[in-house]
Each structure stands twice: as C-alpha cells, then as structure tokens.
Amino acid sequence: MTISTDDGNRIPGDRIIKWSNTPMSIEDIGKILLLMWENEDLRHPPPQRGARMLLDFINELFDTRKITDDLLHKYYLK
C-alpha cells in the first residue's frame, strides 16, 4: 500500500491524499472504517472490544496526532 500526497488547490497548504496513486475522499475513508469495524466485531464480537477498540485507537490518534510504538502496542497493533 502506498500513501502519497499531491498539492491541492482549495487553499494554501491543501493536500490531496492518494492511495496507490488514486485520490481518496472522506467517503472512501468512511467506507474503509465501516469495513474495518465490521471485521473487528467479527473477530472480537461484543461484549469484547472489537470495533470499539479500533475507534478508541482512532480517537487517541486524533488527540495525539502521532503514531508511536507505545500507541500501537497499547492497541495490539504491533
């Protein structure tokens, strides 16, 4: 998987995020999240944390704006 960016044109500093050279929309990211949450709930069905753990990871990532080894280990992602 290759994630890259190009300069956008909406405002200075705007970026177009691409996955394998294809621009991604917020809708695309939403669809990916839905698939991932569904899969996590299949692997770890409620009352296990499943999709909730993934959402917690996303929320913590939002708050810190950094992917660290500690964060990945906390959520069993590394």
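The values are calculated or read from the model by the stated rules, or taken from the named source; none is laboratory data. Predicted model, so just to flag it, every value in this text is computed and none were measured. As a convention, Cβ positions derive from the backbone with ideal geometry for all residues, glycine included, and neighbour counts pool all protein chains shown.
Just a few scattered comments:
- Among residues of the range 42-62 that are farther than 11 Å from Tyr76 by Cβ, those with a Cβ under 9 angstrom from a residue that is assigned to a loop (DSSP other than H, G, I, E, B) and β-branched (Val, Ile, Thr), sequence gap 6+ or separate chain, pair up as Leu61/Ile67.
- The residue that is nearest to Thr2 (Cα to Cα), among those in the range 23-63 that are of a type in the set (Gly, Ala, Ser) and surrounded by 13 or more Cβ atoms within 10 Å (Cβ to Cβ), is Ala51.
- Residue within the range 57-66 that is at pLDDT below 95 and not in a strand (DSSP E or B) present: no
- Residues (not aliphatic (A, V, I, L, M) and not in a loop (DSSP other than H, G, I, E, B)) located in the range 2-22: Ser4, Thr5, Asp6, Asp7, Arg15, Lys18, Trp19, Thr22
- Yes/no for Leu77 being assigned to a helix (DSSP H, G or I) and either free of Cβ contacts under 8 Å to residues at least 24 places away in the same chain or touching a Phe, Trp or Tyr at 6+ places or on another chain (Cβ under 7 Å) (or both): no
- Close pairs from the range 14-29: first polar (S, T, N, Q), partner at pLDDT below 95, Cβ under 8 Å, at least 6 apart: Ser20/Met1; Ser20/Thr2; Asn21/Thr2
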